[in-house]
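Each remark here refers to the structure printed beneath this line.
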Amino acid sequence: MKLSTSILATAAVLGTGHMAYAETEIDFWHAFTGRLGELVAEQVETFNASQDDYTVVQSHKGNYSETLNAGIAAFRAGEQPHILMVFEVGTATMMAAKGAIKPVYEVMGEGFDQSKYIGSVKGYYTSSDGNMLSLPFNSSTPVLWVNRDMLSEAGIDPDTEMKTWEQVGQVLDQLKEAGVECPMTTAWQSWIHLENFSAYHDTPFATKANGFGGTDTELAFNSAAQVAHISAMGDWAEEGKFIYAGRRNEGGANFRGGECALFTESSAGYAGIKAEADFDFEVRPLPYWEAVADEPQNTIIGGASLWVMEGHEAEEYAGVAAFLDFLSSPEIQAKWHQDTGYLPITSEAGDLTRSQGFYEANPGTDVAVTQMTAKEPTDNSKGLRLGSFDQIRGIIDEELEAVWSGDKEAQEALDSAVERGNALLRRFEQAAR
């Protein structure tokens, strides 16, 4: 609590023990632990120390799914926070939550410059009329992480080209022949190997521009391109070249511990890998299949955005706006980008990072930015806006696990995931009317 000298003096003269001034508290619920949790706490502390009007109180509410569910339950109980972190697959759910959210562009008010935010980042969280509904916060995109030491130990040139999956397949063959027990693993299998795979190859994941065109969308990720990729990975799993570790980021511990040579993961893996890896590592662009596309399109974002909840007082929304403006400032964004590997959400933050020499000193840290911004997004590559998508991801995970274990062929598994997922989409469509 910060009290001005004049207020303290007045309180003394009046002889009261009562507090004459109190900062407005802003509740911020998030899903971060570990190093990312520490960095969020640092941002909050920096904001609180920068002014005397507001105090942001940050609280961890579990993983992404748990945080979303906690926010929904709190709103129903009339105890919602001011700011709720929601992962990208919850975007359609939040948009459909009538009366629960206050759009960011309204909170920020007149003079809010939405043009400063990178289009491929903010587009996921923007309405059809171009207004930002939530603030991109931790936006990442998948890349290929390489353990250069393990490649060298296996007799493979660590600079060998791996821009295509065809080339990656050859490297996996060599790693397996050299006796490497974990040639490749992955995190977030649906996000990377179906959602981003589809965007990167400019192939529909769903109809109606991946759901941006309406809730009557249907899933379409069982086409030839996706089936071929999942089939290849199924073969690699059977041959011991792809080691499945889990649905979220369980494979991260294996890679950071030096057990796996290649790892498909978020660009935001940078914070943990840099802190824990006791080997020479490198970040490369996500591979693409040359048999499917002459060149890759763009990947899409993961991570989360910050949604402002309805039901609070005007002075509290003024504090929310001040905090979100602080988070968007070039200096704070550049530091967040450099510390975490998350994408900068504004052009100024990216420019500042480059001018500070960060990319030059840390080769590969600009891969994610280039991968996201080199091309104008298409209807197939600007993101996904699908209802009940958290549950649909669970279905996809289940079907992919059947492929990795050899219980199903890729076509059968993806056909089943599409059919089961479409049933959820129809229910969401009915509820959203």
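The values are calculated or read from the model by the stated rules, or taken from the named source; none is laboratory data. Here the structure is a predicted model, which is why all the values come from computation and not from measurement. Quick reminder, even Gly has a Cβ in these numbers, built from the backbone with ideal geometry, and neighbours come from all protein chains shown. Accessible surface is based on the protein model in full, side chains and every heavy atom, while ligands, DNA and RNA are left aside. Shrake-Rupley method; radii C 1.70, N 1.55, O 1.52, S 1.80 Å.
Restricting the search to helices (runs of 4 or more DSSP H) fully inside the stretch 125-231 and requiring at least 1 residues that are out of contact with any Asp or Glu (no Cβ under 8 Å at 6 or more places or on another chain) and open to solvent by 20 Å² or more (accessible area, probe 1.4 Å) gives 148-153, 165-177.
For first residues located in the stretch 54-82 and farther than 22 Å from Gln43 by Cα and open to solvent by less than 60 Å² (accessible area, probe 1.4 Å), partners that are in a loop (DSSP other than H, G, I, E, B) and among the hydrophobic types (A, V, I, L, M, F, W, C) and lie 6+ apart or on another chain with Cβ distances below 9 Å form the pairs Ser65/Ala31; Ile72/Ala97; Ile72/Ala100. State whether one or more residues within the stretch 103-112 are closer than 23 Å to Asp390 by Cβ, assigned to a loop (DSSP other than H, G, I, E, B) and out of contact with any Gly (no Cβ under 6 Å at 6 or more places or on another chain). Yes: one or more hits. Scanning the stretch 117-167 for residues that are of a type in the set (A, V, I, L, M, F, W, C) and free of Cβ contacts under 8 Å to residues at least 40 places away in the same chain yields a count of 2. Checking each residue in the stretch 232-243 for being of a type outside the set (Gly, Ala, Ser) and open to solvent by less than 40 Å² (accessible area, probe 1.4 Å) picks out Met233, Trp236, Lys241, Phe242.
Step by step: first the residues of the stretch 24-53, then only those that are within 13 Å of His82 (Cβ to Cβ) and charged (D, E, K, R), then the one that is least open to solvent (accessible area, probe 1.4 Å). Which residue is that? Applying the filter and picking the extreme gives Asp27. Scanning the stretch 369-398 for residues that are assigned to a helix (DSSP H, G or I), within 21 Å of Glu218 (Cβ to Cβ) and open to solvent by less than 30 Å² (accessible area, probe 1.4 Å) yields Phe389, Ile392, Arg393, Gly394, Ile395, Ile396, Asp397.
In the set (1) touching a residue at least 12 places away in the same chain (Cβ under 8 Å); (2) of a type outside the set (Gly, Ala, Ser); (3) within 20 Å of Ala268 (Cα to Cα); (4) open to solvent by 20 Å² or more (accessible area, probe 1.4 Å), Thr346 fails one condition alone, (4). With respect to (1) in contact with a Leu (Cβ under 8 Å, 6 or more places away or on another chain); (2) at pLDDT below 95; (3) hydrophobic (A, V, I, L, M, F, W, C), the lone exception for Phe212 is condition (1).
Considering Ala271, Ala261, the condition of being in contact (Cβ under 8 Å) with a residue 60 or more places away in the chain, surrounded by fewer than 24 Cβ atoms within 10 Å (Cβ to Cβ) and of a type in the set (A, V, I, L, M) is satisfied by Ala271 alone. Of everything in the stretch 323-343 that is more than 17 Å from Tyr117 (Cα to Cα) and surrounded by 19 or more Cβ atoms within 10 Å (Cβ to Cβ), the residue that is modelled with the highest pLDDT is Gln338.
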